[in-house]
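A short worksheet on the structure shown next.
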Amino acid sequence: MGAVILDPAEIRSFRAAMAELRDDVYSHRLAMERETTEAQSYWRDELFKKFRREQEDLLFQIQVFEKLCDNYGDFLDRKANVSEEYLRM
């Protein structure tokens, strides 16, 4: 017979914390993109172009992180549900 080695409530708590972090990262990423767009109006040298290229690479990586949080969050929801069903048997 199989065993459940996790607590569904703890999994859901972790999932909620991860979703909150993802939302915070998302809102900060959008704010940074807005501020950088505004900076283009007064910072117009080669260093800005270099900064912008590096920032775009970093922002892409942050978007990957956001997507991973979404995917793992969905996985954790399913895992908690299956575990609860098993524990009810």
* Can you tell me which of 74, 57 is assigned to a helix (DSSP H, G or I), exposed (fewer than 11 other Cβ atoms within 10 Å of the Cβ) and acidic (Asp, Glu)? -> 57
* To do: Check segment 58-72 and report whether any residue there is among the hydroxyl-bearing types (Ser, Thr, Tyr) and over 26 Å from residue 14 (Cβ atoms).
  => no
* Asked: For segment 32-42, which residues satisfy the criterion of being assigned to a helix (DSSP H, G or I), among the hydroxyl-bearing types (Ser, Thr, Tyr) and without any contact (Cβ under 8 Å) to a residue 12 or more places away in the chain?
  -> 37
* To do: State which residue is nearest to residue 30 (Cα to Cα) when the search covers only segment 41-54 and only residues that are surrounded by 12 or more Cβ atoms within 10 Å (Cβ to Cβ) and aromatic (Phe, Trp, Tyr).
  => 51
* Give 16, 31, 80 a once-over and let me know the one that is closer than 29 Å to residue 5 by Cα, surrounded by 10 or more Cβ atoms within 10 Å (Cβ to Cβ) and either hydroxyl-bearing (Ser, Thr, Tyr) or modelled with pLDDT of 95 or more (or both). => 16
* Qualifying positions in segment 43-86 - hydrophobic (A, V, I, L, M, F, W, C) and touching a residue at least 40 places away in the same chain (Cβ under 8 Å) -> 65, 69, 76, 80
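The values are calculated or read from the model by the stated rules, or taken from the named source; none is laboratory data. Owing to the predicted nature of the structure, the values given are computational and were not obtained by experimental measurement. A quick note on method: Cβ atoms are made from the backbone with ideal geometry, for glycine too, and the neighbour counts reach across all protein chains shown.
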